[in-house]
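**Student:** Shown below is the structure under consideration.
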Amino acid sequence: MRVYLDYNATAPLRPEARARVLACWDAGWGNPASVHASGRAARRALEEARAEVASGVGAAPTVVAVTTGARAGQAAGGGGGARAGGGGRGRR
């Protein structure tokens, strides 16, 4: 059994999540902000995922934010703990 303790930059992907990602990639891809067919399909997939996550945590889909990663999530959430505490490595 492998034990992985460095979750600082990455984490193992759950098999269920991998299956969903691969299904989206196999179906095609597109910019969910675009109006063409690929964009509309991507938007539907995104909204379905948002609704599923919201249902799982007892929230409204409109409050589920999807970001590209931890840094973008921190920025979307108000800048992260470093800015709130006045420290960190950000711009000075």
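**Student:** Consider only pairs whose beta carbons are under 7 Å apart and that are at least six residues apart or on different chains; among these, list those whose first residue lies in region 62-78 and is modelled with pLDDT of 80 or more and whose second residue is among the aliphatic types (A, V, I, L, M).
**Tutor:** VAL64/VAL53; VAL64/ALA54; ALA65/ALA76; VAL66/LEU46; THR67/ALA76
**Student:** Within region 25-50, which residues are within 14 Å of the chain's Cα centre (by Cα) and either in contact (Cβ under 8 Å) with a residue 40 or more places away in the chain or more than 16 Å from THR68 (Cα to Cα) (or both)?
**Tutor:** The one that is within 14 Å of the chain's Cα centre (by Cα) and either in contact (Cβ under 8 Å) with a residue 40 or more places away in the chain or more than 16 Å from THR68 (Cα to Cα) (or both): GLU48.
**Student:** Just to check your reading of the model, which residue among PRO32, PRO61 is surrounded by 12 or more Cβ atoms within 10 Å (Cβ to Cβ), in contact with an Asp or Glu (Cβ under 8 Å, 6 or more places away or on another chain) and either of a type outside the set (Asp, Glu) or farther than 23 Å from THR10 by Cα (or both)?
**Tutor:** PRO61
**Student:** Can we say ALA37 is out of contact with any helix residue (DSSP H, G or I) (no Cβ under 6 Å at 6 or more places or on another chain) and modelled with pLDDT under 90?
**Tutor:** In short, no.
**Student:** Taking only region 1-20 into account, find how many residues are open to solvent by 100 Å² or more (accessible area, probe 1.4 Å) and in contact with a Phe, Trp or Tyr (Cβ under 9 Å, 6 or more places away or on another chain).
**Tutor:** Matching residues across region 1-20 total 0.
The values are calculated or read from the model by the stated rules, or taken from the named source; none is laboratory data. Predicted, not measured: the structure shown is a model, and the values here were computed from it. Note that each Cβ is placed from the backbone with ideal geometry, even for glycine, and that neighbours are counted across all protein chains shown. Quick note on the areas: whole protein, heavy atoms, side chains included, nothing else; ligands and nucleic acids left out. Shrake-Rupley method; radii C 1.70, N 1.55, O 1.52, S 1.80 Å.
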